[in-house]
1. Pop out a list of residues from segment A:64-111 that are at least 50 Å² less accessible with all the protein chains around than in their chain alone; 1.4 Å probe, no ligands or nucleic acids counted.
2. Can you tell me what percent of all Cα-Cα pairs in segment B:81-150 are more than 18 Å apart?
3. With a 1.4 Å probe and every protein chain left in place, work out the accessible area per residue of segment B:17-264 in Å², rounded to a whole number.
4. Using C-alpha positions alone, give me the convex hull volume of segment B:133-238 per residue in cubic angstrom.
5. Which log10 I(q)/I(0) values, to two decimals, does segment A:81-207 give at q = 0.17 Å⁻¹ under the Debye formula with one point per Cα?
6. Could you tell me the total accessible area buried at the B-A interface, probe 1.4 Å, in square angstrom to the nearest hundred?
7. Under a point spin-label approximation (7 Å from Cα along Cα-to-Cβ), what is the B:Ser56-B:Asp249 distance to one decimal in nm?
8. What part of the accessible area of chain B, given as a whole %, is carbon or sulfur when the probe is 1.4 angstrom?
Amino acid sequence: MDKNHIVHSYDAELSQLQNMIAEMGGLAEMQLARAIAALVKYDADAANDIVEKDRRIDALEDEIDELAVRLIAKRQPMASDLRTIITGLKVAANLERIGDYAKNIAKRTVTISSATGLRGPISTIARMAGLVQGMIKNVLDAYIAHDADKADDVRARDQEVDQIHSGLFRELLTYMMEDPRNITPCTHLLFIAKNIERVGDHVTSVAEQVHYMVHGELPLGERPKQDLSSFTLVEPK
Amino acid sequence: MAEINVALSARDSSAPTGKIKLSARNVGVFYGAANALRDVNMDFEEHQVISLIGPSGCGKSTFLRCINRMNDTIPGCRVVGSINMDGTNIYGPDIDPVELRARVGMVFQKPNPFPKSIYDNVAYGPRIHGMAAGKAELDEVVEWALRSAGLWEEAKDRLQQPGTGLSGGQQQRLCIARAIAVHPEVILMDEPCSALDPIATAKIEELIDELRRSFTIIIVTHSMQQAARVSQKTAFFHMGNLVEEGPTDVIFTKPHDPRTGAYITGRIG
């Protein structure tokens with residue numbers, strides 16, 4: 001809706017909510033990017049800093065919750081305004097989880113920072129994370145612009161992430177069979193890959209919320225899923 | 001589980017029957033040459049509360065006043081189209097507007113009790129319509145109406161005192177008692193809470209929900225929150241047109257027309 005409210009302070013509060021979501025999303029996106037960069041470089045110091053910075057994301061979620069509750073109490077929002085505020089609450093919860101996954105990647109990076117010889121799977125993880133970062137950026141743009149079509153595109157792209165995750169799962173199992181010394185780092189890499197896959201799911205959920213915010217209903221149909229890791233078996237040679 | 005079933009069946013008993021009580025077709029209103037309302041088509045289900053909302057001058061009160069032919073009393077006012085109640089056009093040649101107004105009661109914005117006792121306020125309608133055979137029967141009707149309007153406990157010891165001595169909220173409930181004393185089928189309410197404080201408003205809203213079991217209620221309100229709280233169906237009027245009508249749940253979360261959305265979110269006045 002392009003027209004402004006008669007009460008200008010209402011518009012100001014709604015854009016404040018949107019700005020906070022944008023800030024939180026930007027931080028979550030950056031945390032994921034930095035976590036992957038630290039993993040690729042085995043940089044324990046950078047990883048520790050990422051763990052520390054997650055607090056800011058958590059604090060932002062609390063602030064967004066407070067603002068949303070205040071808006072509901074004061075303005076008694078209806079229709080598109082109500083949907084915008086409820087969506088803000090849900091999106092903030094998803095972004096907070098994304099921040100947690102980035103933090104967990106960083107923690108595992110500290111644990112495995114001495115591991116070598118797993119360049120292959122790590123670069124696959126980085127590629128997968130790059131895709132997910134692009135999805136975060138696009139879904140945030142879609143949220144700010146109230147662009148449901150763009151959000152729907154993001155939702156459809158999650159299957160690429162799923163596909164990479166399934167392949168990576170198989171690859172890591174193979175590394176573990178080849179050399180038992182790989183088991184510890186590979187297990188952590190499995191969790192890291194799973195974390196990124198889960199981030200993709202949260203981004204998808206945000207995309208669905210954006211669709212709801214714009215149209216008042218969730219997107220129709222099951223979203224495409226390609227994560228086959230739950231069914232993957234690799235037999236010893 | 002048994003309790004849940006009981007609760008559900010209790011709710012079902014007051015659920016709308018789906019029967020159409022009133023049906024407006026191509027209703028328009030002219031004040032002289034000015035066209036205040038255009039081509040309204042709308043159905044009203046029995047035992048529902050229907051809210052009419054919209055900015056001042058949108059035609060919602062004009063439409064409400066068509067339903068009991070109150071516009072007939074305004075010089076220069078002309079109503080076109082038809083409104084059927086139980087299948088009979090209330091603008092038909094055989095319809096006596098005075099009798100119609102006993103079937104379609106009305107409650108106004110400002111409580112307007114007669115300068116008479118509480119008892120006589122409620123007894124007035126049944127008396128002029130000859131609906132009570134004697135004093136005992138009239139007493140019964142008055143008690144029933146005051147009970148139904150949630151005023152009996154507060155008024156039973158002061159029935160002979162003037163109605164104007166009651167508080168604003170009590171006066172409005174007295175006016176509701178007066179309206180229902182003649183056993184109408186439909187009650188029209190024109191901003192019934194706009195002169196009341198929040199507590200008195202809540203009592204009226206609770207009463208509206210109770211009265212729905214026995215009557216069909218059409219309410220004009222400037223409070224969107226009130227429309228959302230009390231009604232099952234909401235209609236939005238703008239500049240003399242019925243823009244959109246639908247289930248209240250849908251109108252306030254996902255209105256179809258951009259004008260409805262703009263109005264209920266506070267973007268147009």
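1. A:Met78, A:Ala79
2. Beyond 18 Å sits 51 percent of the P(r) for segment B:81-150.
3. Working: 10460 Å² over 248 residues.
Solvent-accessible surface per residue comes out at 42 Å².
4. So the per-residue hull volume is 110 Å³.
5. -0.85
6. In total, chains B and A hide about 1300 Å² from solvent.
7. The modelled label-to-label distance comes out at 3.5 nm.
8. Result for chain B: 53 percent of the exposed heavy-atom area is carbon or sulfur.
The values are calculated or read from the model by the stated rules, or taken from the named source; none is laboratory data. Fair warning: this is a prediction, and the values are worked out from it, not measured in the lab. Heads up, the Cβs are rebuilt from the backbone with ideal geometry, glycines too, and the neighbour counts pull from every protein chain shown. Keep in mind that these areas ignore ligands, DNA and RNA; they rest on the heavy atoms of the full protein, side chains included. Shrake-Rupley method; radii C 1.70, N 1.55, O 1.52, S 1.80 Å.
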